[in-house]
Amino acid sequence: MRLCFVATIGLIAAHSLCAADLSGKWVLTPAGAANNDIAYYITQTGDLFTGYVSQGQNNSAITDGKVDGDKVAFAVVRGGNKIVYTGRITALATLEIAAPAAAGRGGGGRGRGPAFGFGNHPAANAAVEPPQPVTQSLIRVSAAVPPPMPVPPAKETLNPPAVPVKYNTLAKTPPMGWNSWNKFQARVNDQVVRDVADAMVKNGMRDAGYVYVNIDDTWEGTRDAQGNIRSNEKFPDMKALADYVHGKGLKLGIYSSPGPKTCAGYEGSYQHEAQDAKTWAAWGIDYLKYDWCSATQVYTPDSQPGAYAKMGQALLDAGLASGRAIVYSLCQYGQVDVGTWGANSGGNLWRTTGDISDNWASMSNIGFNQQIGREKFAAVGHWNDPDMLEIGNGGMNDTEYRTHMSLWSLLAAPLLAGNDLRSVAPDILDILTNKEVIAVDQDPLGKQGVQASKDGDAEVWARTLADGSIAVGLFNRGATQIPVTAKWSDLHITGSWSARDLWAHADRGAGTDAFWANVPSHGVVLLKLAK
Ligand code: GLA
């Protein structure tokens, strides 16, 4: 192995003497501190390198590594997929890497105010901005040749039960409530949950339909001598908390994993499934989010239907015994075709994607790109979950948050607010509690909306409602205002239909062939068309 530099001398400077040797352990620099348990172990021979990326107990192989001057390319093999990274060796022994962009980004350009009308508007010439890769910086913390990738222990394969888990009769419409993760992450505690519950009563969220108050990861403590799960010091008495929340006319949700550890590294339910379900029922828990996380270490991917059914049955049994049925939320990021088995495993809802972030690229990529084709799996009691709401968390403007709320409602998605409801601005509260939009989400027919047409940045999404009307979203994903047209032919309707604007709370008359509106950048005009 050649070492071409010492840590204080930049790689680029060293490169002029000989090809850089990247061998060693690299970690994300403080810019990526949220992921600082991710380490890259690299072994280089000549210009080629291999290695692995390590996060907790998970290791993913690095293949096809090549150094060419200050340029670097390699692939990381995750779940059978190869993700290709390109990178650059910079000064001060850092390496900037980027995976291919998943989503388009747009600017925040403002339109000149919406205009609308029936009939066809001349086609818009929307510009599509190129996707931007996300760059991460790595810094080397050791130049020693790393040990080989640890061999993982043998994994168990769990088969799903021959008979599907019975439907628990809950979540007849997509669940509505609040979840702690997006805003509070590990900062959630008993007081926060009580204060949020109080606020939801005072600010009208409860009365608008948001009834589940869900504690996400980081509540878990250790198990007692009998293996019973206990909450940690942030939650001194879960039963008392559940009583308090119930006293407000709300319900309490909790979180766990089929694996030994949760995603944040707390105690999971592995080999304690029935016991944990009984404990939660005894506390008065009404909702469980069950997050795959470390289950990858103990189960083969094929085990997901079986592992989720195991908890599904346990919740059903515990709920029947205690008289308190528990909504069951599957969180495994849409892997292994969850739509085809989620309901049979007892799930009322299942995540369809990775985690949402509070920005336009993340929200629009999940909402517009990653839900297409999933509508066939949604039905009363069983919902696709494109992840929790980011409305009010500050990373998007109100126009974008209205798009978020409209799209999630058309998708028959769970509406779980993820902001700090103790102090919510009036404009955000208006978005979250718009009754006409919520009625679309909660429509009793339970039919998920679909993309009816796409023309550049202009997308029309439509959802058939129980009363025979159609909710229609005219969306603009681009950086400048454009007209968006919903053609009756794309909606598979004919004749005269009247339009009501669900954000403006205004009737817009009737038309016989199409409706168009000028839609601001990243905005929406949400209509209800009725015969
Ligand atoms: C995963 C889930 C998130 C959240 C965190 C908690 O990333 O997808 O929604 O629950 O775990 O650790």
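Sorted by mean Cβ packing within 10 Å, highest first, what order do the peptides 78-90, 447-459, 236-248, 337-349 take?
Details: 78-90: 14.2, 447-459: 19.2, 236-248: 16.8, 337-349: 22.4.
Per-residue mean Cβ counts within 10 Å order the peptides as 337-349, 447-459, 236-248, 78-90.
Rank by packing, highest mean first: peptides 469-476, 151-158, 218-225, with packing defined as the count of other Cβ atoms within 10 Å averaged across residues.
Values: 469-476: 24.9, 151-158: 11.5, 218-225: 15.8.
Most protected by this proxy first, the peptides run 469-476, 218-225, 151-158.
Quick check on my link table: of K248/K447; K202/K289; K166/K261; K82/K447, which ones sit more than 29 Å apart, alpha carbon to alpha carbon? Don't jump to the answer; show the numbers that get you there.
Working: K248/K447 31 Å; K202/K289 26 Å; K166/K261 27 Å; K82/K447 35 Å.
Those over the limit are K248/K447; K82/K447.
What does the charge count around N348 come to, taking other residues whose C-beta lies under 14 Å from its C-beta (Lys +1, Arg +1, Asp -1, Glu -1)? Numbers along the way, then the final one.
Details: positive: K166, K172, K251, K289, R351; negative: D286, D385.
The answer is +3.
With a point put 7 Å past each Cα toward its Cβ, work out how far D237 is from V141 in nm, to one decimal.
4.2
Pop the C-beta distance of D64 and R187 into the FRET formula with R0 = 35 Å and round what comes out to the nearest 0.05. Don't jump to the answer; show the numbers that get you there.
On the way: r = 40 Å, r/R0 = 1.16.
About 0.30, to the nearest 0.05.
How high is the relative contact order of region 278-339, given as a whole-number percent (alpha carbon pairs under 8 Å, six or more residues apart)?
Working: 54 pairs, mean separation 33.4, N = 62.
Relative contact order here is 54 percent.
Highest mean first, what order results for 422-429, 316-323 on Cβ atoms within 10 Å? Don't skip to the answer; put the middle values down first.
Details: 422-429: 14.2, 316-323: 15.9.
By packing density, highest mean first, the sequence is 316-323, 422-429.
What relative contact order, as a whole-number percentage, does the chain give when Cα pairs under 8 Å and 6 or more residues apart are counted? Provide the component values of the computation, followed by the final result.
Details: 1299 pairs, mean separation 76.5, N = 531.
Relative CO of the chain lands at 14 percent.
Quick check: pseudo-label points 7 Å beyond the Cα along Cα→Cβ at D355 and V77, how many nm apart are they?
Distance between the two pseudo-spin positions: 2.7 nm.
Which order results if H492, H522 are arranged by neighbouring Cβ count within 10 Å, fewest first? All intermediate terms of the calculation are to be shown ahead of the outcome.
On the way: H492 10, H522 28.
Ranked by crowding around the Cβ, least crowded first: H492, H522.
What nm distance separates the two modelled labels at D467 and V84, each placed 7 Å from Cα along Cα→Cβ?
Label at D467, label at V84, 5.3 nm between them.
Please give the Cα centre distance for region 215-280 versus region 468-521, rounded to the nearest Å.
What the calculation gives is 45 Å, centre to centre.
The numbers here are math on the coordinates, done by the rules we state, and not lab data. For clarity, every value in this text was computed on a predicted model and none was experimentally measured. Counting neighbours? That spans all protein chains shown, and the Cβs are built from the backbone with ideal geometry, glycine included.
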